[in-house]
1. Being crowded, with 22+ Cβ neighbours inside 10 Å and over 17 Å from VAL337 (Cβ atoms) is the filter here; which residues of the stretch 91-103 pass it?
2. Say whether the condition of being among the hydroxyl-bearing types (Ser, Thr, Tyr), within 24 Å of LEU93 (Cβ to Cβ) and in contact with a strand residue (DSSP E or B) (Cβ under 6 Å, 6 or more places away or on another chain) is met by at least one residue in the stretch 283-298.
3. Quick one: count up the residues across the stretch 185-216 that are in a loop (DSSP other than H, G, I, E, B), out of contact with any Phe, Trp or Tyr (no Cβ under 7 Å at 6 or more places or on another chain) and among the charged types (D, E, K, R).
4. Could you list all residues from the stretch 65-109 that are under 20 Å from SER136 (Cα atoms) and out of contact with any strand residue (DSSP E or B) (no Cβ under 9 Å at 6 or more places or on another chain)?
5. Would you call ALA59 part of a helix (DSSP H, G or I) and at pLDDT below 95?
6. Looking at the stretch 70-97, I want the residues that are without any contact (Cβ under 8 Å) to a residue 40 or more places away in the chain and part of a helix (DSSP H, G or I) and have a partner that is among the acidic types (Asp, Glu) and surrounded by 14 or more Cβ atoms within 10 Å (Cβ to Cβ) with Cβ atoms under 6 Å, at least 6 apart or on another chain. Which pairs are those?
7. Looking at (1) surrounded by fewer than 16 Cβ atoms within 10 Å (Cβ to Cβ); (2) not in a helix (DSSP H, G or I), find the lone condition where LEU113 falls short.
8. Please go through (1) in contact with a Gly (Cβ under 6 Å, 6 or more places away or on another chain); (2) at positive phi; (3) of a type outside the set (Gly, Ala, Ser) for MET285 and return the number of the only condition it doesn't satisfy.
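The values are calculated or read from the model by the stated rules, or taken from the named source; none is laboratory data. Model, not experiment: these values are computed from the prediction. FYI the Cβ positions are ideal-geometry reconstructions off the backbone, even for glycines, and counts take in every protein chain you see.
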Amino acid sequence: MKTKANWTALIVGVAALSLSGCAPDSREVTAQSYEVLATDGQSNAMSGEIAAAPVLDEAQIRKIVAGVQDVLDSAQESGDPAVLSERLTGSALAMRTAEMVRAQKTGKELAPLEIEINVASATVAQSFPRTLLVGSSASADDPAEVFLFTQADAKSDYMLENWVRVVGGNSIHGVAIDEGSQTLTADDEGGIMSPDEVVQMYASFLKDPDNADFQVFVDDTFSPKQREEITQLRTAVEQVGTIGFDAWPSDYPVTGVTLASGEGLFAASLKTSTTYQRTVADSKMAVGGTAASYLDNADVIGTVTVNYLVNFFFLLPPQDSQESIRIVGVERAIESVSRDDAAKPEGEE
């Protein structure tokens with residue numbers, strides 16, 4: 001049964017997170033003061049009052065972030081992605097592992113992932129998971145970043161579950177958790193559609209960007225770049241082969257929070273694949289760029305498929321809103337590259 005959420009609940013007090021994106025790929029930010037909001041979600045229906053009880057204070061949040069940062073630093077120093085599983089989970093674990101593998105494959109230096117606490121907001125209900133949001137503000141040279149941590153149960157550590165850089169030109173104002181708000185689940189119906197439906201629709205949009213039924217996203221810098229990438233590849237190989245593209249929701253959890261603005265902010269992941277297929281016998285075709293670093297032989301004999309993980313944060317308007325769904329930020333990395341040499345063109349020995 002789907003969960004019904006009231007995203008326009010009485011606001012007693014909020015801690016605001018104001019973020020704006022910029023273009024650079026640097027992960028260093030300047031630390032600033034930050035506020036903490038922690039609520040327990042208990043309400044008195046008769047009086048309409050919402051009772052707030054702190055669950056995470058500043059020292060606890062600093063301890064959580066420091067613990068995750070220690071693991072990130074240890075993994076970077078050792079070059080061993082297995083270290084990450086101590087404090088990363090889900091799509092964050094998969095993304096950082098993929099980034100480390102990419103650095104090893106290409107021989108390029110891995111950019112540090114540094115969590116600066118400019119603003120932190122935490123919410124907790126009587127059930128789990130519990131959610132913590134940490135944001136770093138943008139500077140003149142560096143993008144803002146949003147980090148989502150979850151606690152699975154009372155005995156578990158908070159784990160980093162997802163993060164993104166805020167996309168260039170995008171800004172978020174008043175990102176704060178309502179007093180008494182709940183963690184936003186995949187099937188929540190408090191918005192213009194459920195988070196699960198958003199993810200399904202965006203995957204469909206990537207595959208069919210000209211379909212007006214799917215054009216409900218704004219501040220979307222990813223899909224135009226994805227479309228351009230596939231178009232350029234198809235043009236490059238059209239004399240000797242084809243390029244196939246697919247996108248689908250990942251199996252990682254969709255998790256987020258309801259906000260003081262009445263919106264929902266949630267993290268989700270997609271998988272995409274780009275398939276190079278040679279169709280003309282005795283022709284030459286090769287994979288280029290980063291993907292070639294994952295292959296001993298970059299030549300396409302039959303097919304080569306490049307598999308990506310793409311992490312998103314979406315800002316979802318409440319029910320009856322006329323606003324569109326905003327894409328707050330994106331991270332993408334290659335997870336694997338596979339080949340099928342047996343799928344070579346007919347008539348070729």
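1. SER91, ALA92, ARG96 - these are the residues of the stretch 91-103 that are crowded, with 22+ Cβ neighbours inside 10 Å and over 17 Å from VAL337 (Cβ atoms).
2. yes
3. 4
4. ALA66, GLY67, GLN69, ASP70, ASP73
5. Values: part of a helix (DSSP H, G or I): yes; at pLDDT below 95: yes.
Considered against the rule, which asks whether it is part of a helix (DSSP H, G or I) and at pLDDT below 95, ALA59 comes out as yes.
6. VAL71/GLU86
7. (1)
8. So MET285 meets the others, but not (2).
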